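A quick write-up on the structure given underneath.
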């Protein structure tokens, strides 16, 4: 399928990559598919009336690696196999004398090494889940590090729907703040997705900083998160599983959205979806209370948690055992019919018997954030999803004004760090706070937990 909303067929076992998955691969490698004399088409033209400059030039010289990379739309750092260039000079000129067909391009990619396990070297095991194991690896084509997500295939069930969904969506998402899918490899026992490699995720980055990230870097990470989300939401794609472990950080400071296994392409007209999405700790209050009619605002609640994680001391110690409803009550007070119309008839809310809390000043709990940052947080902190600010609107908020105007007009595939005025600040490890240094937030959360343990939440 060529669209993000369709299903992606998987190749038959025993083949490196079938035609259907190589269609996906062709679009993964090809960053910008266009029809032209130097591009690709389904049917090759038979007209020889027009002598293209490329054709005339190649008849008078040997074909170079640069010529092949350009013709097949390959990354500039691809290392072609030793015998490939020599063979291409014998059979290759025909490839330049007419628009390239999809079939010929697939064959060429396969001969280079795409879609083959032997093209990648496993180095270290990074993690293991229910369905997949992730390895650090190296590509023989570029000598660059890659992440190899090896998904085990069950004999009767085949590839998990999450893997098919991830491939189907990621092949169409080309953005500097979304992880890049380089290759797909299918064998009898596994489906391997080859991603760009990034050094760590946000949780690891936070641990390395002693749970206290520089406030300027908080702003840069938040802007990149919003930038990637805005791109997804413009294309009607909901991530639905934003959490620190799914936000990857490069050594340059680039933040990239990863793990689109729970993502969905939002259909038009609106339809209902499962409320069993988003890791429980980061699930929005409206979804926790049973809502299945949601849109892009489901991701914006997770964005709210992002600056809280980065600015509130010992966030994971206390917030990990609270649900989103508790968190919203902590800052916004217990919802009423005035603040959330219809809440009094919500069965989940009524049976939970939440205590009556007054709204707290958000600035009391986020002392490291500027007043503009607190104002932006309040735009995310809404019980009703439709009232939350969008990712695109958030990027224009005054909180980001000191990043300059040029960051707003960058091409989708350009990193914000391509601008010289955008620089990551050096992190300094903070000592662990002693018990008598508790903040108002921690004291309040402890009181909330006491209420839970004493049975106030029935």
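Calculate, for residue 123 and residue 76, the FRET efficiency according to 1/(1 + (r/R0)^6) with r their C-beta to C-beta distance and R0 22 Å; round to the nearest 0.05. Efficiency, rounded to the nearest 0.05: 0.40. Annotation for residue 130 and residue 200: the two label points, set 7 Å from Cα along the Cα-Cβ direction, are 2.9 nm apart.
Centre-to-centre, using Cα atoms only, segment 344-414 and segment 163-198 are separated by 31 Å. Taking a ≥ b ≥ c as the square roots of the eigenvalues of the Cα gyration tensor, segment 142-274 is oblate, since a/c reaches 1.5 or more and a/b is not larger than b/c.
Here the label points at residue 66 and residue 189, each 7 Å from Cα along the C-beta direction, are separated by 4.5 nm in the simple model.
Straightening the chain between residue 396 and residue 421 buys 7.2 nm, computed as 0.36 nm per residue apart minus the Cα-Cα spacing. Packing, taken as the mean count of other beta carbons within 10 Å per residue, orders the peptides 399-412, 205-218 from highest to lowest as 205-218, 399-412. Model label sites at residue 345 and residue 236, defined 7 Å from Cα along the beta-carbon direction, differ in position by 3.0 nm.
Length gained on full extension, residue 364 to residue 103, computed as 0.36 nm times the residue gap minus the Cα-Cα distance: 87.8 nm.
FYI, it's all coordinate maths here, none of it is from the lab. Computed from a predicted structure; not experimentally measured. Ideal geometry is used to build each Cβ from the backbone, glycine not excepted, and the neighbour counts take in all protein chains shown.
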